Structures are given as structure tokens and as C-alpha cells.
1. Among Asp150, Asp270, which comes first, then next, by fewest other beta-carbon atoms within 10 Å?
2. Taking 7 Å along the Cα-to-C-beta vector as the label spot, tell me the Thr279-Ala258 distance in nanometres, rounded to one decimal.
3. Take the alpha carbon atoms of region 257-284, find their center, do the same for region 152-175, and report the distance between the two centers in whole angstrom.
4. Can you give me the pair-distance distribution of region 249-293, C-alpha pairs, 5 Å bins, whole percents?
5. Amide H to amide H, which residues 5 or more places from Asp150 or on other chains are under 5 Å from it, using H placed in the peptide plane?
6. Please check the chain for the longest run free of GluC sites (Glu not before Pro) that are loop-located per DSSP (anything but H, G, I, E, B) and have at most 11 other Cβ atoms within 10 Å.
7. Check which residues have an amide H placed less than 5 Å from Ser53's amide H, if you skip close sequence neighbours.
8. Quick check: pseudo-label points 7 Å beyond the Cα along Cα→Cβ at Ser53 and Val192, how many nm apart are they?
Amino acid sequence: MSLPFRVTAKFGRFQHNAAEKPKRYPNRMQTHAPEPLDTRIVAAALSAPERFSIGLLDSCESTSTLLLDRAQQGAPSGSVVVCERQTAGRGRRGRSWLSAPGDSLTFSLLWRFPEGTPPPAGLSLAVGVAAARALEGMGAAGVRLKWPNDILAGGAKLGGILIETLTSGGRHVAVIGIGLNVRLPPHIASAVDVAAGALDGVMPFSPSRNLLLAGLLDGLAVMLDEFARSGFAGLIEEWLARHAHAGQRVTILAEGTAPIDGRCAGVDADGALLLETATGLRRIVSGEVSLRPQ
Ligand code: ATP
């Protein structure tokens, strides 16, 4: 029997063969102590370790809150905070991101864009592409992106992306927060108001969180270089290839305004969702809205 994965030399990563039918794997129970996060393992696995400075915390409120503070104090580009226990993990618009020690991967990356580059419009979608590439490179099947910031597989949310930006010294700075369910303990699944999933349900093995972090950081650095050259425009096709709701009818919800119904017709170079509505094509910008499939 031939394997649907090609083993690559580096870190024993798996390359998913897109021609094969995606496999689903039963979510596995944790049968042994989870592998501890270890920055030495992460650094050894990175292709470009010189681009990152990784700090590991046992506990913090939110890795993004911490890095936003550090960004204002001049922390360098490539600063990373990874944390085992977030006590106030954040999503968009004041929502919470829940995680479980040992079973989740939650981290943030501080990135300073080159001087003279425009505001990083569409960065949330571009980070989705980088995350999907990295997860697929480790063998994850059926990864899809929900506009503007969710990582799904099999219709379930297994990751969230939070982008926060500021300007410093005339340069745009982004704090990129990523939360992933590596495994999904029942108390997290029942506490969230969406269908949640985990990586171990779509990968042939329960991944090492250290190697996962290294793969994601390498992938983010590659994507951020591409993004600095050509913005989200250069990544649109890759995002659309993984669009969870391509051509589907959805409702856009925003506080204080009427819901908007329409059919997803792609995304723009600035990351706006294109929605075919009864009154014509509308551009939906991500700031304060949520998308719900109908
Ligand atoms: P939506 O997709 O509903 O618009 P959002 O983009 O506003 O959500 P996020 O910023 O992605 O929200 O994250 C917060 C939301 O994600 C929470 O309200 C909850 O529904 C969900 N959530 C929180 N923790 C988890 C988790 N570990 N796994 C899956 N979903 C989670």
C-alpha cells in the first residue's frame, strides 16, 4: 500500500499529496504526558533561527497583549512569545480564545515591516495561507480558511488568528497571534460556541508542538517576505484554493446593523470579502463583522 504522504528529509516532516483523498483520523485521547514546550527543540528545528527570538512562558494573560507592550518598548522584529497557559487568551472583538495546557499551541510573533511599505491590509488572510501551508507540510488534510481569520478542517474550527497592528518609527508593526487546538479536551469543545476540532483529527499522528511551532514560524517568515514584496495580492490564489465557503451563501453579521445575505465570490487584494448580494457585489471589510454559513 502506498502512503499518501512523502517524507521530507528535514525534521521528518510529511508532505501531503493533494491528489490523494483527504483522510480523517479519529481524535486521539492523550495516553501519556504531553511533550513539554522547549525553545531549544524549536530553535534546532527552525530553518532560519536567526530571524526569531523565542521566549517561553508557563503562564501569561495573552501572548499578544504581552508582545504589543514589548513592541511599544522597542522589541525587535521576530520576537516570539509562546505560552503554555493563557489566562485571558483573546480573539477578535473582545472574544476569548480558550486553550488547554499540553493540548494547545498559543503563540504570538512581532513583525516590523520594512520602511515605506503600506499598511499590511489582508495580513490576517495571508497568515492563514502561511499556517495552512505549514500544517499541510506536516501532513494535515483538508485544511480550509474561513474569512477572515479562522483555520478549519472538516467544517470544525481548529485554529484562530488575531492580527493587531501599530506604527513605530514610521514603520508598520504587526503582532500576529495564533491559537491552535493540537488535541481537543472535552472541556474546551463544550465551552466554545462553534464546532471545534483539533489537528490530531486530521493528521496521521498527534504532532509535536515544538516542531509545529518551528514549522509555523518558518512558514510565517517566508510568507512575510512575500507579503512585503507584493502584499496579499500575491497570495490570493492560494487563499481561494482553501476558501471554506467558496460560492456558498452566507450571512454577514455586524453589531448595530442589519445582517447582509449573499454568496461568497472571492476576496480582494486588501483581504475584503466579495459578496454577491441582491443589490449587487459588495466588499465586506473584516474589522467588526462575522461570517456565518447559511
Ligand atoms: P467568528 O468566526 O465567529 O466571527 P471571531 O473571528 O470573531 O469568530 P476569533 O477571534 O476567531 O473569533 O476567536 C474567538 C472565538 O473562537 C470565540 O468566540 C469562540 O467561539 C471560538 N473559540 C475560542 N476558543 C476556541 C478553541 N480553542 N477552539 C475553537 N474555537 C474557539
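Read the figures in this text as sums done on the coordinates, not as results from a lab. The structure displayed is predicted, hence computed values, not measured ones. Cβ placement follows ideal geometry from the backbone for every residue including glycine, while neighbour counts extend to all protein chains displayed.
1. Neighbour counts put them in this order, fewest first: Asp270, Asp150.
2. Each label point is offset 7 Å from its Cα along the Cβ direction, giving 0.7 nm.
3. If we compute the Cα centre of each part, the gap is 21 Å.
4. Reading upward from the zero bin: 6, 24, 36, 26, 7, 1.
5. Residues meeting the amide H criterion: none.
6. 116-254
7. Ser79, Val80
8. 3.2 nm
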